[in-house]
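What follows is a short report on a single structure.
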Amino acid sequence: MIEKGINLEEEKEKIKTELEKQREKLQNKIIIDDPEVKITFKRLLAYFIIYSFLGFIVETIFGMLTKGVVESRQSCLYGPFCCIYGLGAAMMIPGLKPFKKKNWSLFLAGAIEGSIVEYIISWIGEMVFHIKWWDYSNLPFNINGRICLIFAVFWGLLALLLMRFLNPHIEKLIDKMPKKWFNITTIALTVFLLIDLLVTAFALQVFYTRLTKERNLELKINSALIVNEKVLDTKFVKYLSDNVFTDEKMLRTFPNIKFEDKNGHIIWVKDILTDIKPYYFKISNKFRLK
């Protein structure tokens, strides 16, 4: 009887130990799948860079599926980045963390935050660059054509996808990097992006100036888009205009570029430069460019 009692106690201890191990494994799995991290400024920069690159891939695939062409979806002249995705992620991830406990709260927070980000970016495009990047005026329940109900729902679903499935893997990827290389890579890519954005802004000014001059176009508001002719006629800028910021380079990098003329009409540059294909190559004849 004593031996049986001892064996029974041993079996209970083994079961208890095994259950404790399983509980620890489960806890570790939860921590790995949904890590709690301290969001620093460098981490926000990493979000911006990583999601800008992922956004570029998503937009390129979207263009292939909807238009049947491989075209540029870059925000910058050289880097493979679609910055609206990076900016959206860097702004939304910290704001969404308090709402992660329940899917419905995460969905609502994503719909609201995503719409705010979209509205701000659209407003900046129109007020600062005088470019209308998108227009939802023909969709129901829109506000100034910048945001609408359909895309608010899309932002809510995207928040669920981002916080439940995608971002935990991004967090693990960041945490696996040695701190030294994380800092070097983040700073280097941030500097590259800033330079790329500045070059892109200047290139667009040179391009618009050359386009309006050669085609006798009149922009609605041209002060922010036009380079002074004295600057344009300098040897270095003229070289850039003729050899670097060419019509083909600009249109193929920004195939959906457009502007508003003095009568309020939206003019697509690809409808002016008809001799240049605004894509790299076509993969299907079933689709038409918009």
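No lab work stands behind these numbers, since they all come straight from the coordinates. This one's a predicted model, so the numbers in the text were calculated from it and none came from an experiment. Counting neighbours? That spans all protein chains shown, and the Cβs are built from the backbone with ideal geometry, glycine included.
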Going down the list Lys42/Lys258; Lys42/Lys176; Lys101/Lys179; Lys235/Lys258, which pairs span over 25 Å between their C-alpha atoms? Lys42/Lys258; Lys101/Lys179; Lys235/Lys258
Sequence order, the stretch 258-263: Karplus ³J(HN,Hα) from phi using 6.51 cos²θ - 1.76 cosθ + 1.60, θ = phi - 60°, Hz rounded, Gly and Pro as x, gives 8, 8, 10, 7, 5, 8
Using modelled amide H (1.01 Å from N, peptide plane; none on Pro or chain starts), what sits under 5 Å from the amide H of Cys82, excluding residues fewer than 5 places away? Phe53, Gly55, Phe56, Ser75
Where the centroid of each part is defined by its Cα atoms, how far is the stretch 60-82 from the stretch 168-243 in Å? 17
Give me P(r) over the stretch 147-215, computed from all C-alpha to C-alpha distances, binned every 10 Å, as integer percentages. 16, 20, 25, 27, 11, 1
If we sort 232-241, 105-114 on the protection proxy, mean other Cβ atoms within 10 Å, highest first, what's the order? 105-114, 232-241
